[in-house]
Amino acid sequence: QVQLVESGGGLVQPGESLLLSCAASENMFNFNDMGWYRQAPGKERELVATINVGGVTNYAGFAEGRFTIFRNNDENTVYLQMIRLKPEDAAVYYCGARILSRRYWGQGTQVTVSS
C-alpha cells in the first residue's frame, strides 16, 4: 500500500549540508501530514520537522534555523534541507506519513557527520 523511500543521506563534515528526499507511492493529498524523524544509536526516535496538508510546518528546536522541510506535490516528494550540520545530527533519518491515526515509515537513510 503506502511506500516511502528516503534518499540523500551520506557522510559529511561538520558545517556541510545535505538534502534528503522522500518519495511517496501515492498522492500527497492522501496524507494528513508528513515529516522527518531521526534516531541515533541508543536513543529514541525523535521528530525533526513536519508539514501538514495545509502546508503548515513544525520544527524541533534543534532544527530551527538550520533545517527546512518542503514538498513537491506533483512529484509526491517531501524534502528535508539540512545546513550547518553538527556531529550530534548524525542519525538514521526516517520519512513518516500519517493517514488519520495510522503511521507509515520509510526504510531510513543514514546521515553521518564527522571530521
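Can you find a residue that is of a type in the set (Phe, Trp, Tyr) and open to solvent by less than 20 Å² (accessible area, probe 1.4 Å) anywhere in region 96-108? No, region 96-108 contains no residue that is of a type in the set (Phe, Trp, Tyr) and open to solvent by less than 20 Å² (accessible area, probe 1.4 Å). Summed over region 71-90, residues that are out of contact with any Pro (no Cβ under 8 Å at 6 or more places or on another chain) and either hydroxyl-bearing (Ser, Thr, Tyr) or not in a loop (DSSP other than H, G, I, E, B) (or both) total 13.
In the condition set (1) free of Cβ contacts under 8 Å to residues at least 60 places away in the same chain; (2) over 11 Å from the mean Cα position of the chain (by Cα); (3) open to solvent by 60 Å² or more (accessible area, probe 1.4 Å), Asn52 is compliant with all but (3). Scoring Asn30 on the criteria (1) under 16 Å from Val111 (Cα atoms); (2) open to solvent by 20 Å² or more (accessible area, probe 1.4 Å); (3) not small (Gly, Ala, Ser) leaves a single failure, condition (1). For region 68-88, the candidate set comprises residues that are in contact with a Leu (Cβ under 9 Å, 6 or more places away or on another chain) and without any contact (Cβ under 8 Å) to a residue 24 or more places away in the chain; within that set, the residue that is least open to solvent (accessible area, probe 1.4 Å) is Thr68.
The values are calculated or read from the model by the stated rules, or taken from the named source; none is laboratory data. None of these values were measured; they are calculated from a predicted model. All Cβ positions, glycine included, derive from the backbone under ideal geometry; neighbour counts span all protein chains shown. We work out accessible area using only protein heavy atoms, side chains counted, and drop any ligands, DNA or RNA first. Shrake-Rupley method; radii C 1.70, N 1.55, O 1.52, S 1.80 Å.
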